[in-house]
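Each remark here refers to the structure printed beneath this line.
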Amino acid sequence: MWLNKHKVYIACILLSLVFVSGFAQNEISNPYSKYGIGLLTNISPGPMDAMGKVGYAMQDPYQINFKNPASYVAFDSLSFIADVAFGIYSSTLKTSELSQKYTFGRPEYITIGLPVTKHWRTSAGVLPFSNLGYSIADSYTSSQLGTVNYAYEGKGGLIQLYWGNAFKIWKGLSIGLNASYLFGKLANSRSAEFSTTENYFHSMINSNTDVDGIYLSAGLQYFTNIRNNHTLGIGLVYENSAYIWARQTDLVYNYSGLGANKTLNDTVEYMLNRTNMQLPQTIGGGLSYQYKKQWWFTADVMWQNWTKYRLDGNKDNSLQDALSTSFGVQVIPNIDASSYLKKIRIRAGVRYSTGYLVVNDKTIDSYGVSFGLDFPLKLFNSNSTIGVMAEYGQMGTIKNELLKENYFRFSFHFTLQERWYQRAKLE
């Protein structure tokens, strides 16, 4: 038993390293990610992801719901749980005249959960927080300068390492706290290249922001039986307006030549500015209704005040406060049946966000529709599952000379439940 536990620990550590490396290999290509800290992932656990990204008022003994840390109290007292997910994205970007497609795959999260004492449970994991990735080309022609080609590129993003703890306060009432370490790099560059090279040097500006710091997320949940087999739940989450460290590096230089033949001529300016970044606070709440172990309905609402975002004390006028809503349902035909098909979990959900970006005086809102299935794995036990989820979503608009993204996302998650702290009894 000791050896098996340590094998699990080692496997989780190795998987975490692989996932951090995978998060760093960002492949998105969306110009909207150039604003703020990039596009927020708003990642959810696989089962809740298929239900429209709900989770504030949900808890399950064999699922790790990191959206509300108070949910950890539901972990089985003799179980170790691990959950990993991988996603494939297929996106189409459109303007009123052009379109572009891209596809990529990447890890989505890795989490573990286990009991500590009778009233204390803990969880830890690695999650993506935001993604930055875009490449934009433009040109301008004048009689004096000739043709000037402009290029704007960005890559990077932020990663979240969290450690959460939950405590049972009273029957049905629990509280929890996630302490997260947020880190990563936001790299942006812009360049101007002249077609007439005899009299002009090309120029480039590289702006990098390295981020690291701690922020907290507190949660509360309460569940009560309103009638036989009818359970009502409520959940609340608050994430503080965190001040985290940021190091800004700007390198401005001139060069000649193009492509592989570039020659650096002069570094115009180099700055290293140690400052801080202020992330907005988040307030979220949810309600859920469960009938037996068969039906589960839940709805969430979340508000973030992105108008309070600051970098080096400067406000980003492209950001606004955002409100998100989501609704999900889960159906298990008959979890106690002998038939395997009747134990398959069926999930569906919808979500909508007013969006936190304002570009060309237009709010960049988004919506998504999702559907998923969870299959019990008899190879391990009935509480270990493999899940699949498909989501269709849209972000932005082609109005006001803007960009619209239509995407399909396919996600796969594997949840492993293993007996823990169990000792053989000698007669």
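The values are calculated or read from the model by the stated rules, or taken from the named source; none is laboratory data. Note that the coordinates shown come from a computational prediction; the quantities given were computed from them, not determined experimentally. Virtual Cβ from ideal backbone geometry, glycine too; neighbours counted across all protein chains shown.
Just the residues that are without any contact (Cβ under 8 Å) to a residue 24 or more places away in the chain and either touching a Pro at 6+ places or on another chain (Cβ under 9 Å) or part of a loop (DSSP other than H, G, I, E, B) (or both), please, taken from the stretch 75-101.
So the first thing to find is which residues in the stretch 75-101 are without any contact (Cβ under 8 Å) to a residue 24 or more places away in the chain, and the list is 97-99, 101.
Across the stretch 75-101, the qualifying residues are 97, 98.
Residue-wise test of (1) in contact with a Ser or Thr (Cβ under 8 Å, 6 or more places away or on another chain); (2) of a type in the set (Asp, Glu); (3) not in a strand (DSSP E or B).
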position: 280; (1), (2), (3): yes, no, yes
position: 298; (1), (2), (3): yes, no, no
position: 301; (1), (2), (3): yes, no, no
position: 346; (1), (2), (3): no, no, no
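Mind listing whichever residues of the stretch 170-183 are over 27 Å from residue 213 (Cα atoms) and either at pLDDT below 95 or in contact with a Gly (Cβ under 6 Å, 6 or more places away or on another chain) (or both)?
Of everything in the stretch 170-183, those that are over 27 Å from residue 213 (Cα atoms) and either at pLDDT below 95 or in contact with a Gly (Cβ under 6 Å, 6 or more places away or on another chain) (or both) turn out to be 170, 171, 172.
Of the conditions (1) modelled with pLDDT of 90 or more; (2) within 27 Å of residue 320 (Cα to Cα); (3) over 27 Å from the mean Cα position of the chain (by Cα), residue 291 clears all except one; give me its number.
(2)
Looking at 288, 324, 353, which is the one that is among the small types (Gly, Ala, Ser) and over 19 Å from residue 58 (Cα atoms)?
On the way: 288 fails: over 19 Å from residue 58 (Cα atoms); 324 fails: over 19 Å from residue 58 (Cα atoms).
After ruling out the rest, the residue left standing is 353.
For residues in the stretch 313-344 being in a loop (DSSP other than H, G, I, E, B) and in contact with a Leu (Cβ under 8 Å, 6 or more places away or on another chain), which is modelled with the lowest pLDDT? Give the derivation first.
Of all residues in the stretch 313-344, those in a loop (DSSP other than H, G, I, E, B) come to 313, 316-318, 320-321, 332-340, 344.
From the residues that got through so far, the ones that are in contact with a Leu (Cβ under 8 Å, 6 or more places away or on another chain) too are 318, 320, 333, 344.
Working: 318: 93, 320: 95, 333: 89, 344: 93.
Looking at residues that are in a loop (DSSP other than H, G, I, E, B) and in contact with a Leu (Cβ under 8 Å, 6 or more places away or on another chain), I get 333.
Among the residues of the stretch 111-144 satisfying the criterion of being touching a residue at least 40 places away in the same chain (Cβ under 8 Å) and of a type in the set (Ser, Thr, Tyr), which is nearest to residue 166 (Cα to Cα)?
So the residue we want is 122.
I need the full set of residues from the stretch 128-160 which are of a type in the set (A, V, I, L, M, F, W, C) and either farther than 22 Å from residue 33 by Cα or touching a helix residue (DSSP H, G or I) at 6+ places or on another chain (Cβ under 8 Å) (or both), in order please. Talk me through it step by step, then tell me what you get.
Taking the stretch 128-160 as the starting set, the residues that turn out to be of a type in the set (A, V, I, L, M, F, W, C) are 129, 132, 136-137, 145, 148, 151, 158-159.
Hits for the stretch 128-160 are 132, 136, 145, 148, 159.
Could you check how many residues of the stretch 358-395 are touching an Asp or Glu at 6+ places or on another chain (Cβ under 9 Å) and either assigned to a strand (DSSP E or B) or on the phi < 0 side of the Ramachandran plot (or both)?
Start the filter on the stretch 358-395 by keeping residues that are touching an Asp or Glu at 6+ places or on another chain (Cβ under 9 Å), which leaves 360, 366, 368-372, 380-381, 383-389, 391, 393-395.
Applying the additional criterion that residues be either assigned to a strand (DSSP E or B) or on the phi < 0 side of the Ramachandran plot (or both) yields 366, 368-372, 380-381, 383-389, 391, 393-395.
Selection size over the stretch 358-395: 19.
Looking at the stretch 184-198, which of the residues that are hydrophobic (A, V, I, L, M, F, W, C) and modelled with pLDDT of 85 or more is surrounded by the most Cβ atoms within 10 Å (Cβ to Cβ)? Don't jump to the end; show me each part of the working.
First, the residues of the stretch 184-198 that are hydrophobic (A, V, I, L, M, F, W, C): 186-187, 192, 194.
Pick out the ones that are also modelled with pLDDT of 85 or more and you get 186-187, 192.
On the way: 186: 25, 187: 18, 192: 17.
The qualifying residue surrounded by the most Cβ atoms within 10 Å (Cβ to Cβ) is 186.
Could you run through the stretch 50-88 and say how many residues are of a type in the set (D, E, K, R), more than 15 Å from residue 115 (Cβ to Cβ) and out of contact with any strand residue (DSSP E or B) (no Cβ under 6 Å at 6 or more places or on another chain)?
Going through the stretch 50-88, the residues of a type in the set (D, E, K, R) turn out to be 53, 60, 67, 76, 83.
After this cut, where a residue has to be more than 15 Å from residue 115 (Cβ to Cβ) as well, the list is 53, 67, 83.
Within this subset, residues satisfying the condition of being out of contact with any strand residue (DSSP E or B) (no Cβ under 6 Å at 6 or more places or on another chain) are 67.
Residues that pass the stated criteria total 1.
If a residue has to be more than 25 Å from residue 346 (Cα to Cα) and outside any strand (DSSP E or B) to count, how many in the stretch 282-296 make the cut?
Of the residues in that region, 0 qualify.
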